[in-house]
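Participant: I am attaching a structure below and will ask some questions about it afterwards.
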Amino acid sequence: MSVRTPDVAAPQTAPTPAPSAWARRPVLGVVAGAVALIGVLLWAYAVGGAGPAEASGRSTARLAAVATLASRVTAVGTVGALLAAAVLLPATGGRLSLAARRASAAAGAWAAGWAVATGIGAYLSTSVLVGVAPTSLPWTSLQVFLLDTGAGRSALVVVVLTALLAATAGRCTTSAAARVLLAGGLLALVVPVVLSGHSTSADDHLVAVTTLAVHVTAATLWIGGLLALLVHGRAEPARAAARFSGLALICFLATAVTGVLAAGILLGGTGEVLAALGTGYGWLLLAKTAGLVVLGLLGWQHRRRTLPELRAGRPGSFRRFAAVELLVMLATVAVAVALAASPPPAAGAAGPGSSASPAAAVGPSADPMAGHDHGELSVGVLVDEERFHVAAPVAAGSRVSVFNGTDQQVTITAEDGSFDVVVPGGSLLTFQAPADPGEYGFTSRHSPEFTDVLLVK
């Protein structure tokens, strides 16, 4: 008689979700958020009338705007991660904790992205400025842009500073070093404000630049701090949030006050701000203001509801609420990028549904091509097929940029002989303005019909 051994079933284990499915969730969230931000940017870009009027340059201008948005977001990430390492996360005996060191290393990665985005943005901006495709951009034009224009010099400085941050942040181990890196990040943040942008042409230059620098710094610390809190503050969320809460309130107030002051300074007063609300520029101001109001209400709810829950050991609602707040913040950043690239309306230009550019709105004597204005970018003298176009007065002894948008070589020849510059077709270059203030008439040797006046102050 044989004995049958019963079959022993192999041990069964419950199926587990594929790790890749879970890993894809945050990636898909980031991708969806990036697409949404680009959509907000392009909408705001169209509303504000930013970019060149020529259809051939619009695609490149939009790409440049996306690169600018990328540089702003990576700047937020860099400053926020350094703020977490230097201030929000605990340190023992001046040595960074493990979480703080990870935040500093993340700041290095963010800074590398900041440098790349800034470099790409500078290249595309030069292409937009001179009106040629990026693949056809001459090296000489890029060199002039980087060395002789405010926007170009600021981009060059930012790339150098952020590259240094990227190279050193991963090796940071002390609180003192983290604070130095944070100061470097803030310096890279305000360089474009000082060297370029609408504020540099305001009547009260120092007040305008200072106001905008405080505005940009406060907003970046606020948004970056919240991002860093969500990403790096999980070890001790209640303690990190308590440290950030007071700073966030100060940054919110500073952002709101300086935003109002900057708009008034740039547009010329309260009356001009109200008159501009009917323009595309004004609609973007309203959108940015609405975003700030919403963020203020969300911050109030944080203090009232989610922070107490966080202190009680229930971080879920705080994180969900903060994630929504962060999305609103980044959407407001996208609107701000478009606002900075949009030409401010001139006095009297506003009206219901108006989207006229400032040059076209001030009257029949205005030169609609003066300055070849693209928001933060402009050239001093533009040459087209018919004539010269002088943007604005220049400072004595300063560098004057010239772009020849034709295929014909021209000259910028002063009647008194103080300057004589050959400008090949399709080129961007600069020359030095006379050292003495005055009005300097000039012409071109290629045609007596090309005449204009350079006002030196």
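The values are calculated or read from the model by the stated rules, or taken from the named source; none is laboratory data. Worth saying up front: this structure is predicted, and the values here are computed from it rather than measured. Cβ coordinates were reconstructed from backbone atoms using ideal geometry, including for glycine residues, and neighbour counts include every protein chain displayed.
Participant: Could you figure out which of (1) modelled with pLDDT under 80; (2) surrounded by 19 or more Cβ atoms within 10 Å (Cβ to Cβ) isn't true of Gly353?
Facilitator: (2)
Participant: List every residue pair whose Cβ atoms sit under 8 Å apart, with the two residues 6 or more apart in sequence or on different chains, where the first one lies in the range 382-402 and is more than 21 Å from Asp436 (Cβ to Cβ) and the second, anywhere, is at pLDDT below 80 and of a type in the set (A, V, I, L, M, F, W, C).
Facilitator: The qualifying pairs are Leu382/Met369; Leu382/Ala370; Leu382/Ala391; Asp384/Met369; His389/Met369; His389/Ala370.
Table: residues versus (1) of a type in the set (D, E, K, R); (2) part of a helix (DSSP H, G or I); (3) out of contact with any Lys or Arg (no Cβ under 9 Å at 6 or more places or on another chain); (4) farther than 18 Å from Leu221 by Cβ.
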residue: Leu274; (1), (2), (3), (4): no, yes, yes, yes
residue: Tyr281; (1), (2), (3), (4): no, yes, yes, yes
residue: Ala287; (1), (2), (3), (4): no, yes, yes, yes
residue: Leu295; (1), (2), (3), (4): no, yes, yes, no
residue: Gln301; (1), (2), (3), (4): no, yes, yes, yes
residue: Ala322; (1), (2), (3), (4): no, yes, yes, no
residue: Val328; (1), (2), (3), (4): no, yes, yes, no
residue: Val333; (1), (2), (3), (4): no, yes, no, no
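Participant: Please determine, by comparing only the residues of the range 76-105 that are surrounded by fewer than 20 Cβ atoms within 10 Å (Cβ to Cβ) and among the polar types (S, T, N, Q), which one is modelled with the highest pLDDT.
Facilitator: Of everything passing the filter in the range 76-105, Ser97 is modelled with the highest pLDDT.
Participant: Something else about it: Restricting to the range 127-163, what's the tally of residues that are assigned to a helix (DSSP H, G or I) and either of a type in the set (Asp, Glu) or in contact (Cβ under 8 Å) with a residue 24 or more places away in the chain (or both)? Don't jump to the end; show me each part of the working.
Facilitator: As a first pass, look at the range 127-163 and keep what is assigned to a helix (DSSP H, G or I): 127-130, 134-136, 139-148, 150-163.
Those left that are additionally either of a type in the set (Asp, Glu) or in contact (Cβ under 8 Å) with a residue 24 or more places away in the chain (or both): 127-130, 134, 140-141, 144-146, 148, 150-159, 161-163.
Residues that pass the stated criteria total 24.
Participant: I've got another one for you. If you take the residues in the range 257-272 that are assigned to a helix (DSSP H, G or I) and surrounded by fewer than 18 Cβ atoms within 10 Å (Cβ to Cβ), which one is farthest from the chain's Cα centre (by Cα)?
Facilitator: Top of the filtered list is Gly271.
Participant: Could you say which residue among Ala111, Ala117 is crowded, with 24+ Cβ neighbours inside 10 Å, among the hydrophobic types (A, V, I, L, M, F, W, C) and touching a residue at least 40 places away in the same chain (Cβ under 8 Å)? Working first, answer last.
Facilitator: On the way: Ala117 fails: crowded, with 24+ Cβ neighbours inside 10 Å.
The match here is Ala111.
Participant: Separate question: Only residues that are part of a helix (DSSP H, G or I) and over 19 Å from Val333 (Cα atoms): list them for the range 224-243, please. Spell out how you get there, then give the answer.
Facilitator: Start the filter on the range 224-243 by keeping residues that are part of a helix (DSSP H, G or I), which leaves 224-232, 237-243.
Residues satisfying the conditions are Val231, His232, Pro237, Ala238, Arg239, Ala240, Ala241, Ala242, Arg243.
Participant: Output the residue which, of all residues in the range 418-457 that are assigned to a strand (DSSP E or B) and among the charged types (D, E, K, R), is farthest from Gly150 (Cα to Cα).
Facilitator: Per the stated criteria, the residue is Glu449.
Participant: Same structure again: Can you find, within the range 180-239, the residue that is modelled with the lowest pLDDT among those that are touching a Gly at 6+ places or on another chain (Cβ under 7 Å) and more than 17 Å from Thr255 (Cβ to Cβ)?
Facilitator: Across the range 180-239, the extreme among qualifying residues is Thr200.
Participant: Follow-up question, since we're still on this one. Taking the condition of being surrounded by fewer than 18 Cβ atoms within 10 Å (Cβ to Cβ) and among the polar types (S, T, N, Q), how many residues in the range 388-410 meet it?
Facilitator: Residues meeting the conditions: 4.
Participant: Of (1) more than 22 Å from Val31 (Cα to Cα); (2) within 27 Å of the chain's Cα centre (by Cα); (3) of a type in the set (Lys, Arg), Arg72 satisfies all except one. Which?
Facilitator: Going through the list (1) more than 22 Å from Val31 (Cα to Cα); (2) within 27 Å of the chain's Cα centre (by Cα); (3) of a type in the set (Lys, Arg), Arg72 breaks only (1).
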